[in-house]
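The values are calculated or read from the model by the stated rules, or taken from the named source; none is laboratory data. Everything quoted here is computed from the prediction, not taken from an experiment. When we count neighbours, we look across all protein chains shown, and the Cβ atoms used for this are built from the backbone with ideal geometry, even at glycine. Areas reflect the complete protein model, heavy atoms only, side chains present, ligands, DNA and RNA absent. Shrake-Rupley method; radii C 1.70, N 1.55, O 1.52, S 1.80 Å.
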Amino acid sequence: SAALSVRNLTKQYANAGRRVLDDVSFDVPKGRVLVVVGPSGSGKSTLLRTIAGLEPIQGGEIALEGKVIETGKPGTEKAGRSARSSELRTHIGMVFQSYELFPNKTVLGNIMMAPLLVQKRDKAEVEREALELLGKVGLADRKDSWPHELSGGQRQRIAICRALILHPEVLLLDEITAALDPEMVREVLDVVIGLARAGQTMIIVTHEMRFARAVADEIILLEDGHIVEHSNDPERFFTE
Ligand code: ADP
Ligand code: ADP
């Protein structure tokens, strides 16, 4: 079955009449990369946030490896996060444009927090894996640094490590290079390209079109909360 399956998803915010996402359906097969593109305000970020369980949905359902983890309920527009359990949340990772690192924790503290608190894993084992991930993104020497001591590109690579240590079935990336100085974009995109090659299932929202074309197995074009195109031929999608 698909790693992730979204069926007839409908999303509304409180005090807004129209649906921000309307009857959105797609599957992401295991090990594949879906890129979501579309104009500003079309609902890309909202789509990722609903999949991550950061926003309740009002219709449809979201399933992870065939198991329904979220069912839409009308009247939940004002609720904060969805009702998903903390444990279930760890199965879908998300990285944000603005890093969202904890400023009062070191690099290692940021990466180790959720596996220790939510997954209750062994500390020595978590630390070993954190150091291994830091090595892979080229930041082993920054393990004791504080977020404010790091560049944007370094912070974003730490945010990726923090998501990966939970072994998410699906990783969501929301415009993760949009706040970076141009010289730092490449170091972050190279990490993502490595993850794609290693078979990490991902949904990526990005404006870096060359990168999107290189990394995508499938592309969805969102407009005004609707899927207007779903292509499994990135080469063709981006040259049309
Ligand atoms: P995109 O990521 O494609 O730019 P968004 O998902 O951020 O689109 O936004 C889609 C629509 O939802 C926009 O009209 C936006 O103004 C609206 N929106 C986003 N977040 C909220 C919110 N918290 N409350 C109300 N409306 C929102
Ligand atoms: P190459 O070095 O052959 O370009 P990579 O695997 O490093 O291969 O990159 C894959 C794709 O991602 C390439 O098409 C590359 O142009 C694109 N890419 C890499 N970095 C950036 C960037 N900073 N901005 C836009 N696209 C990028």
Original post:
Principal axis lengths of the chain from Cα atoms, whole Å, largest first?
Top reply: 47, 41, 35
Subject >> Where region 150-240 is the region considered: accessible area per residue in Å², 1.4 Å probe >> reply: 44 Å²
**OP:** Specify the angular offset, from 0 to 90 degrees and rounded to the nearest 10, of the alpha carbon long axis of helix 123-136 from the longest principal axis of the alpha carbons in the chain.
**Re:** 80 degrees
Original post:
Which cross-chain or sequence-distant (5 or more) residues have an amide H under 5 Å from the amide H of residue 36, H modelled 1.01 Å from N in plane?
Top reply: 204, 205, 206, 220
Original post:
Just how many pairs of Lys in region 68-146 have C-alpha atoms closer than 22 Å, counting pairs that are eight or more places apart or on different chains?
Top reply: 7
**OP:** Keeping every protein chain in place, order 32, 162, 49, 19 by accessible area at 1.4 Å, biggest value first, i.e. largest first.
**Re:** 19, 32, 49, 162
Original post:
So, with a 1.4 angstrom probe, what is the percent of accessible area on the chain that is carbon and sulfur?
Top reply: 49 percent
Original post:
Among 207, 148, 226, which one shows the biggest mean-square fluctuation in a GNM of the chain, springs joining Cα atoms closer than 10 Å?
Top reply: 148
Original post:
At a probe radius of 1.4 Å, what is the per-residue accessible area of residue 132, in Å² to the nearest 10?
Top reply: 110 Å²
Original post:
With every protein chain in place, what's the accessible area of residue 176 (1.4 Å probe, Å², nearest 10)?
Top reply: 10 Å²
Original post:
Quick one: Cα convex hull volume of region 1-58, Å³ per residue?
Top reply: 86 Å³
**OP:** Give me the accessible area of residue 99, 1.4 Å probe, in Å² rounded to the nearest 10.
**Re:** 40 Å²
**OP:** Rounded to the nearest 500, what is the 222 nm mean residue ellipticity of the chain from helices alone, with -39500 (n - 2.57) per DSSP H run of 4+ residues and division by all residues?
**Re:** -9500 deg cm²/dmol
Subject >> Rounded to 10°, Cα long-axis angle of helix 152-164 versus longest principal axis of the chain >> reply: 80 degrees
Subject >> Rg/Rh (Cα only; Kirkwood hydrodynamic radius) as it applies to region 63-186 >> reply: 1.00
Original post:
In what sequence, largest accessible area first, do 237, 102 appear using a 1.4 Å probe?
Top reply: 102, 237
**OP:** Hey, could you grab the Kirkwood Rh for region 121-240? Inverse mean 1/r over distinct alpha carbon pairs, Å, one decimal.
**Re:** 15.8 Å
**OP:** Return one whole number: the accessible area per residue of region 1-108 in Å², for a 1.4 Å probe.
**Re:** 45 Å²
Original post:
If we count every other residue with Cβ under 12 angstrom of residue 40's Cβ, Lys/Arg +1 and Asp/Glu -1, where does the sum land?
Top reply: -2
**OP:** Express in whole angstrom the spacing between the alpha-carbon centres of region 161-240 and region 18-57.
**Re:** 13 Å
Original post:
What does the charge dipole of region 15-66 about its Cα centre add up to, to the nearest 20 debye, if the Cβ of each Lys and Arg holds +1 and the Cβ of each Asp and Glu holds -1?
Top reply: 200 debye
Original post:
Which one of 130, 196, 79 has the biggest mean-square fluctuation once the chain is modelled by GNM with Cα springs under 10 Å?
Top reply: 79
